[in-house]
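As C-alpha cells, the structure follows; a few thoughts come after it.
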Amino acid sequence: MEKQQFQLSIAGLGIIFYAPHAVRHIEEGEDYLGEHYSKPKDVIPHIYEGSIVGVATGSPGIFHLNIYQRVQPDLDALQPDYALKLCLKVTEHTVYFRDLYVMLSWEAETESDIKVDMEDGNYEVIVCSWLPESGIRGKHQQVDFYFNKTDKLPQLRYEGVPSLL
C-alpha cells in the first residue's frame, strides 16, 4: 500500500494513536492524561497492550505523518535520527492519530481528526523521525509510521514513555 500523508498540529508534547475500543471507557471532559497517563507506570501498560500508544515529541508543533501499511522499513537506508518499535491492537478497522493533550479534557473524535482505515488485528509499529533541517523540533518534523500485521503483539521493553528525543 502506498503511504498516506497527514499534517498534525499539536499543542502538547506528544502524539497518541489508538483504535476506538481503547478509549471507550474515557468520559467526555475527563482529564485522562493527569489521572491515568502522566507517569511511566501508567503509560507502560498501554504501550505493551497496544491500546493508547503515546510517543513523546518533546515539543509542540507541526508534524508531517507518513503512514505505511504492510511495508517493512529499511532502517539502514532510511537512517532516521530516531526509531521506535511499538505495537497496536486495531479494532473496527480504524486508527486515530491525535495530540497527546486531547487527553487533558477528553473529546470524542471529530471529522477533523486523522483517521486511517486498517485491517483489524495485532500490529508491530515502527516509528521513524528526523530532526527538521531547521534543527527545531516540531517545525514541520517528519514522522513515519510503519504498520505490519502480526499473529500476536510483539514484546516490548520500555522503562519510560517511548520518545522521539
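When residues in the range 21-32 are screened for being open to solvent by 20 Å² or more (accessible area, probe 1.4 Å) and not acidic (Asp, Glu), 4 of them pass. So which residues in the range 121-137 are polar (S, T, N, Q), surrounded by fewer than 17 Cβ atoms within 10 Å (Cβ to Cβ) and touching a strand residue (DSSP E or B) at 6+ places or on another chain (Cβ under 6 Å), if there are any at all? Selection gives Asn122 alone. If you go through the range 138-165 and keep only what is touching a Gly at 6+ places or on another chain (Cβ under 9 Å), in a strand (DSSP E or B) and open to solvent by less than 80 Å² (accessible area, probe 1.4 Å), you end up with Gln141, Thr150, Ser163. Could you tell me how many of the residues in the range 1-23 are within 11 Å of the chain's Cα centre (by Cα) and of a type outside the set (A, V, I, L, M, F, W, C)? Residues meeting the conditions: 2.
Listed conditions (1) surrounded by 13 or more Cβ atoms within 10 Å (Cβ to Cβ); (2) closer than 19 Å to Gly121 by Cα; (3) touching a residue at least 40 places away in the same chain (Cβ under 8 Å) are all met by Leu13, apart from (2).
Of all the criteria given as (1) assigned to a loop (DSSP other than H, G, I, E, B); (2) on the phi < 0 side of the Ramachandran plot, the one not satisfied by Gly135 is (2). Of the residues making up the range 85-120, those that are open to solvent by less than 20 Å² (accessible area, probe 1.4 Å) and assigned to a strand (DSSP E or B) are Leu86, Cys87, Leu88, Val90, Thr94, Val95, Phe97, Arg98, Ile114, Val116.
Within the range 41-66, if we keep just the residues that are assigned to a helix (DSSP H, G or I) and open to solvent by less than 50 Å² (accessible area, probe 1.4 Å), the residue that is farthest from Lys89 (Cα to Cα) turns out to be Asp42.
The values are calculated or read from the model by the stated rules, or taken from the named source; none is laboratory data. Because the structure is predicted, anything quoted here is derived from the model rather than measured. In this analysis, Cβ positions are derived from the backbone assuming ideal geometry, glycine residues included, and neighbour counts consider all displayed protein chains. Keep in mind that these areas ignore ligands, DNA and RNA; they rest on the heavy atoms of the full protein, side chains included. Shrake-Rupley method; radii C 1.70, N 1.55, O 1.52, S 1.80 Å.
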